[in-house]
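First up is the structure itself, then whatever we jot down about it.
The values are calculated or read from the model by the stated rules, or taken from the named source; none is laboratory data. What you see is a predicted model; the values in this text were computed from it and never measured. Note: ideal-geometry Cβ built from the backbone for every residue, glycine included; neighbour counts use all protein chains shown. For accessibility, only protein heavy atoms count, side chains too; no ligands or nucleic acids. Shrake-Rupley method; radii C 1.70, N 1.55, O 1.52, S 1.80 Å.
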Amino acid sequence: MSLDHASEQVQRLSRIVFRPWEPQIICAFVRFEMADRLDKGGRTVADLAGELGAHQDSLGRFLRSCVVLELLETADGDTFAITELGRLLCSPEAGMRNIVMMNFTPGIWNRAGRLHETVMTGKTVPDEAGEDLYDYYRHNPVERAWHAAAMADLAGDAGAAIAEHHDLGGVSTVVDVGGSLGVLLSRLLAGAPGVTGTVFDLPGIVESGREWAASTPVADRLSFVGGSFFEDVPPAADLYLLKQVLCDWGDEDSARILDSIHRGAPSGSRLVVIEWMRPDGNEPSEYDSMSLGLQTVTGGRVRTEREFVGLLEGAGFKFESTATVPSTLLPRPWHLIQAIRP
């Protein structure tokens, strides 16, 4: 290896090594509501520091860092304006601000720093108190709210994709298992006037869902039932949805979830599992890092089609097909794994 080539590789590795600061800069950008503060026009460091009560010199370095990440722009290093990219973190409707805060606040971020433990043990990483992620969220309501908001954004994105690409002909009732606030179902029902839907989730979650759904145009067709998808049987329906649930759980727990649905599902009803899906085989892909991250944080992973088929058929469902639909929020598509209850 030549010295020039070695130097080039060192520089390449250095860029990777220093990237962990970038997500935290973006996270701070959201915390400071910087996109909203600059939405009406450019402002100086001193002006922003006074409004935030921030250390002026440190804020200047932070704002210049945001320029490097193309969230802001500046002509003189003192007055800053929002860019098109930074504006995506202004409105919650854009969806990315919630995903940023879910991933880069302590609940997930601190576990990511112990990824090596999962590699050694194959097990999820608890926090310093020995709690899993969802136990941690129970007494960290601010982070729990960011997580719920991010899941709602992803659900809305998936709901729009399903509404556009999945045929609901012959369906009159839909149950979204683990459907949280009901965002996915509300998107789906908006395009299907003759269909009613039910969210099945934990009692505390469905109470929040009822409050959220009350102001939606489909409130009269959207209901909520409390229960655990590990133990309780969801209501009977023509179609069941399971979005980004199995990716959070290992095979044993995923089998329990599917068994609960199977026990309550009428013969001939359908199940659509909405997930990311990695290719079969051992070819490296972007899903490998996602899968390892899920395993570290929740004990789940990104599965192949073959693995999904094994889980579905093991629970008594008959696999039918997989459809791939684009996401408007993420750079990777949604996969709709479709099965029927014989």
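Observations, loosely collected:
- Exclusive hit being farther than 21 Å from TRP276 by Cα, of a type in the set (Asp, Glu) and open to solvent by less than 50 Å² (accessible area, probe 1.4 Å), set GLU231, GLU143, GLU207: GLU143
- Tally, over segment 181-197, of residues that are surrounded by fewer than 24 Cβ atoms within 10 Å (Cβ to Cβ) and not hydrophobic (A, V, I, L, M, F, W, C): 5
- Within segment 234-249, being aromatic (Phe, Trp, Tyr) and open to solvent by less than 20 Å² (accessible area, probe 1.4 Å) holds for one residue alone: TYR240.
- Evaluation of PRO23 against (1) at pLDDT below 95; (2) crowded, with 17+ Cβ neighbours inside 10 Å (one fails), failing number: (2)
- So ILE16, is it open to solvent by 30 Å² or more (accessible area, probe 1.4 Å), under 20 Å from the mean Cα position of the chain (by Cα) and either within 30 Å of ASN140 (Cβ to Cβ) or at pLDDT below 90 (or both): no
- Residue list for segment 279-316, restricted to those being under 18 Å from VAL245 (Cβ atoms), part of a loop (DSSP other than H, G, I, E, B) and open to solvent by 50 Å² or more (accessible area, probe 1.4 Å): ARG301
- Helices (runs of 4 or more DSSP H) contained in segment 140-244 and holding at least 2 residues among the charged types (D, E, K, R): 141-165, 203-213
- The set of residues from segment 100-139 being under 21 Å from PRO23 (Cα atoms), open to solvent by 30 Å² or more (accessible area, probe 1.4 Å) and not aromatic (Phe, Trp, Tyr) comprises ASN103, PRO106, ASN110, ALA112, GLY113, ARG114, LEU115, HIS116.
Rundown of residues vs (1) without any contact (Cβ under 8 Å) to a residue 60 or more places away in the chain; (2) under 21 Å from SER260 (Cα atoms); (3) touching a Cys at 6+ places or on another chain (Cβ under 8 Å), yes/no style:
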| site | (1), (2), (3) |
| --- | --- |
| VAL177 | no, yes, no |
| GLY182 | yes, yes, no |
| LEU185 | yes, yes, no |
| LEU222 | yes, no, no |
| PRO234 | yes, yes, no |
| TYR240 | no, yes, no |
| GLN244 | no, yes, no |
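- Residue within segment 205-223 that is aliphatic (A, V, I, L, M) and within 15 Å of ALA315 (Cβ to Cβ) present: no
- A single entry from LEU271, LEU336 fulfils the requirement of being out of contact with any Asp or Glu (no Cβ under 9 Å at 6 or more places or on another chain), open to solvent by less than 30 Å² (accessible area, probe 1.4 Å) and over 24 Å from VAL125 (Cβ atoms): LEU271.
- Matching option when the condition is among the charged types (D, E, K, R) and touching a Cys at 6+ places or on another chain (Cβ under 9 Å), among ARG97, ARG114, ARG64, ARG138: ARG97
- Tally of residues being open to solvent by 20 Å² or more (accessible area, probe 1.4 Å), at pLDDT 85 or above and under 18 Å from the mean Cα position of the chain (by Cα) across segment 153-177: 1
- Considering residues of segment 317-327 that are assigned to a loop (DSSP other than H, G, I, E, B) and either open to solvent by less than 30 Å² (accessible area, probe 1.4 Å) or touching an Asp or Glu at 6+ places or on another chain (Cβ under 6 Å) (or both) only, the residue nearest to VAL273 (Cα to Cα): PHE317
- Filter result for ARG97 (of a type in the set (D, E, K, R), under 20 Å from the mean Cα position of the chain (by Cα) and open to solvent by 70 Å² or more (accessible area, probe 1.4 Å)): no
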